[in-house]
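The values are calculated or read from the model by the stated rules, or taken from the named source; none is laboratory data. No experiment lies behind these values; they were computed from the predicted model shown. Note that we place each Cβ from the backbone using ideal geometry, even for glycine, and neighbour counts take in every protein chain shown.
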Amino acid sequence: MDTSVPVVVLTSGHYGGLGVARSLGRWGVPIYIVDADPQTLSFSSRYCRAKLVWDIDRAPPDDSLEFLLGIGRRLQQHAILIPTSDSAALFVAAYADTLRRWFLFPKLSYPLARTLYNKKKMYFLARSVGVATPNTVFPQSSDDVRNFAESARFPIIVKPIDARRASTRSAHTIVQEKQELLDRYQDTEPADRLNLLLQEFIPGGEDASWMFNGYFDQNSECLFGATGRKLRQFPPYAGVTSLGVCLPNATLEQSARQFMKTIGYQGILDIGYRYDARDGQYRVFDVNPRIGCTFRLFVSTGGMDVARALYLNLTGQAIDAGCALHGRKWMVEDLDLVSAFRYWRGGNLKAGEWVRSFRGLQESAFFALDDPIPSISRCMNGFRELLGVRGTRGILPCYSANPSSAER
């Protein structure tokens, strides 16, 4: 295997970038990480070759473009660029032609990327190709909300259409009855109201929440893919995976593969579904055209995951997809601790069930025997948060875009 082509992780996030660094770093791939936070956990990983501090969300696009091109020039070879956030992935899609001077990444058109990120556009795209979706409306006024509330089946999920434009007052919430929905809408700032959607909550427990992760080549063929289920979420019932299990689901996998083939998708995909027992359909509610933070849940017998599949494909090497490790569990330690407490407090998790839920746990987001420093850093950051001590964020110069001087 040739692992000489370096990887630049663009915005490392809470733990997604750390997962990429470990997955490819264990193969011997040189990893360079770009993030706005000088204290981001992936910087402390043994697999991080260089720490490059830059805020792509706040810096002018031209400056960010020049910053990334500067990294490519100093590496003096093409590198694979892996964005881990919505804004970073959209940036790469928007400036793809220029970035290809120094970087390798799948060809994902900017219009398609925007359509998939925008929940309103994604909803209509899915419906246009026959993919089931939850009952959803996009209110333009209070009257629209009242009309929807008259016939809707509660509970209802209220969330932003475009998370990048959402304020904290328009965050993802679940409402239980008509008046609560009306109050929730009225409490939203007028500027945020057109960015809200109202979505029927598909009945069922956590066993109804499913995921698909895959990598699609230039012909939109899935070279690696696997399905899994959320066991616990943060926040509970409608959040990110805090504890998940890899399980086979041929119906769901076929649906996701066909969906992406129909729209001509290329690259890594993280997509969420909810099983509706009322009609036996899997309804898509979230499509992330980038690597997801949960991607290390989906690993095959040969150690393949979506990051490794992308690396091999872009470097012209064969991919041995292997068989998904069904029963494999993965967790986010801090999120799952809080989430489990809330499930318990709500009467939906008993102590014995909590203990048994960890059977089959093979990996976690922070702790790793071969890379312990990030988990120690996470604990230290937790203590700082409890004490009210905050790290600084902002547009900072990179420590160095020169790999030879940045390895510290």
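Scanning region 199-219 for residues that are modelled with pLDDT of 90 or more and farther than 17 Å from VAL284 by Cβ yields TYR215, ASP217, GLN218, ASN219. Just need a number here: residues in region 266-314 that are aromatic (Phe, Trp, Tyr) and at pLDDT below 95. Qualifying residue count for the region: 1.
Picking from THR98, THR115, which residue would you name as being surrounded by fewer than 20 Cβ atoms within 10 Å (Cβ to Cβ), in contact (Cβ under 8 Å) with a residue 12 or more places away in the chain and more than 26 Å from GLY19 (Cβ to Cβ)? Being surrounded by fewer than 20 Cβ atoms within 10 Å (Cβ to Cβ), in contact (Cβ under 8 Å) with a residue 12 or more places away in the chain and more than 26 Å from GLY19 (Cβ to Cβ) holds for just one of THR98, THR115, which is THR98. Just so you know, in region 1-48 the residues that are of a type in the set (Phe, Trp, Tyr) and not in a loop (DSSP other than H, G, I, E, B) include one that is surrounded by the fewest Cβ atoms within 10 Å (Cβ to Cβ), and it is PHE43.
Note on region 271-358: enclosed helices (runs of 4 or more DSSP H) holding 1 or more residues that are touching a Leu at 6+ places or on another chain (Cβ under 7 Å) are 306-314, 333-345.
Please verify whether GLN266 is free of Cβ contacts under 8 Å to residues at least 60 places away in the same chain and over 15 Å from TRP210 (Cα atoms), treating the condition exactly as stated. Considered against the rule, which asks whether it is free of Cβ contacts under 8 Å to residues at least 60 places away in the same chain and over 15 Å from TRP210 (Cα atoms), GLN266 comes out as no. Only a single item in (1) surrounded by 20 or more Cβ atoms within 10 Å (Cβ to Cβ); (2) within 25 Å of ASP97 (Cβ to Cβ); (3) charged (D, E, K, R) is not met by ASP62, and it is number (1).
Quick one: is SER255 polar (S, T, N, Q), under 15 Å from the mean Cα position of the chain (by Cα) and modelled with pLDDT of 95 or more? Here the answer is no, as SER255 does not meet what is asked. Residues of region 245-280 that are buried (at least 19 other Cβ atoms within 10 Å of the Cβ), under 18 Å from ARG328 (Cβ atoms) and of a type in the set (D, E, K, R): ASP270 alone. Counting only helices (runs of 4 or more DSSP H) that fall entirely inside region 49-117 and contain at least 2 residues that are in the same structural domain as HIS14 (by TED's automatic domain parsing) and at pLDDT 95 or above, the qualifying elements are 61-75, 86-94, 96-99. Against the numbered list (1) under 19 Å from GLY17 (Cβ atoms); (2) touching a helix residue (DSSP H, G or I) at 6+ places or on another chain (Cβ under 7 Å); (3) surrounded by fewer than 19 Cβ atoms within 10 Å (Cβ to Cβ), ILE319 comes up short only at (1).
Screening region 118-133 for residues that are part of a helix (DSSP H, G or I) and aliphatic (A, V, I, L, M) and picking the one that is surrounded by the most Cβ atoms within 10 Å (Cβ to Cβ) gives MET122.
Taken together, ALA307, ALA321 contain a single residue that is touching a residue at least 40 places away in the same chain (Cβ under 8 Å) and over 30 Å from CYS379 (Cα atoms), which is ALA321.
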